[in-house]
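J.: Below you'll find the structure I mean.
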Amino acid sequence: MDQPQFVTVDDRSVRHRVLGNRGEPVVMVHGFGGSLETWAANQAALASAGYTVAALDLPGHGESSLDVGTGSLDELAATVLAYMDAAGIERAHLVGHSMGAAVCLALADQRPARVRSLTLVGPAGLGQK
């Protein structure tokens, strides 16, 4: 699908775009204030390289539902995991930017068997507490 579409995830409307359909899945998670457009060039390049690449708008971002629930990293990670279920993605390479990287880390902590690899770009939440 070249154009973004919507899928229902945990009773929320989530906008997403999937490019490619033959290779290992990659799920791309934007940072705070971003959207799936953050990944447009990367998504196309990875799809051209043979991956199936999904990018989504997190709740409260882009054109997804404004309902963020608690907005915690764990809840956002659960949303990404539920998105993967809705999209039929059993296990994926996760790519996250800033807050999206922290969401990917939380998902990997919650469900490591669902993660093939992590790529963290300018990750938030690392370092001293």
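J.: Run the paramagnetic zone check for Thr119: 7 angstrom along Cα to Cβ, then residues of the range 47-68 with backbone nitrogen under 14 Å.
T.: 47-55
J.: Probe radius 1.4 Å, ligands and nucleic acids ignored: give me the carbon and sulfur share of the accessible area of the range 1-55 as a rounded percent.
T.: 48 percent
J.: Quick check on the chain: of the DSSP beta bridges with both residues there, what percent are antiparallel, nearest 5%?
T.: On the way: 9 of 24 bridges.
The antiparallel proportion sits near 40 percent.
J.: Now, a different point. How far is the Cα center of the range 50-87 from the Cα center of the range 93-121, in Å?
T.: After rounding, the separation between the Cα centres reads 12 Å.
J.: How long is the gain from Asp74 to Phe6 if the chain were fully straight, where each residue apart is worth 0.36 nm and the alpha carbon distance is subtracted? Display every interim value, and only then the final one.
T.: On the way: separation 68, 0.36 × 68 = 24.48 nm, distance 2.23 nm.
Full extension from Asp74 to Phe6 adds 22.2 nm.
J.: Among all helices in the chain defined by DSSP H, which have a length of 18 Å or more along the axis from Cα atoms plus a Kyte-Doolittle mean of at least 0.0?
T.: 73-86
J.: Quick check: residue separation of Asp109 and Asp67 times 0.36 nm, minus the Cα distance between them. What number comes out in nm? Let's see the in-between values first.
T.: Working: separation 42, 0.36 × 42 = 15.12 nm, distance 2.39 nm.
Length difference between fully extended and current span is 12.7 nm.
J.: How large is the charge dipole for the chain, taken about the Cα centre, if only the Cβ atoms of Lys, Arg (+1) and Asp, Glu (-1) carry charge, to the nearest 20 debye?
T.: 380 debye
J.: Whole number in Å², please: accessible area per residue of the chain, 1.4 Å probe, ligands, DNA and RNA not counted.
T.: Numbers: 6380 Å² over 129 residues.
That works out to 49 Å² per residue.
J.: On the full set of protein chains, 1.4 Å probe, figure out the accessible area of Asp74 and give it in Å² to the nearest 10.
T.: 90 Å²
The values are calculated or read from the model by the stated rules, or taken from the named source; none is laboratory data. Please read all numbers here as calculations on a predicted model, not as lab measurements. Here Cβ is always computed from backbone atoms with ideal geometry, including for glycine, and neighbour counts include all displayed protein chains. The accessibility values were calculated without ligands, DNA or RNA, using every heavy atom of the protein model including side chains. Shrake-Rupley method; radii C 1.70, N 1.55, O 1.52, S 1.80 Å.
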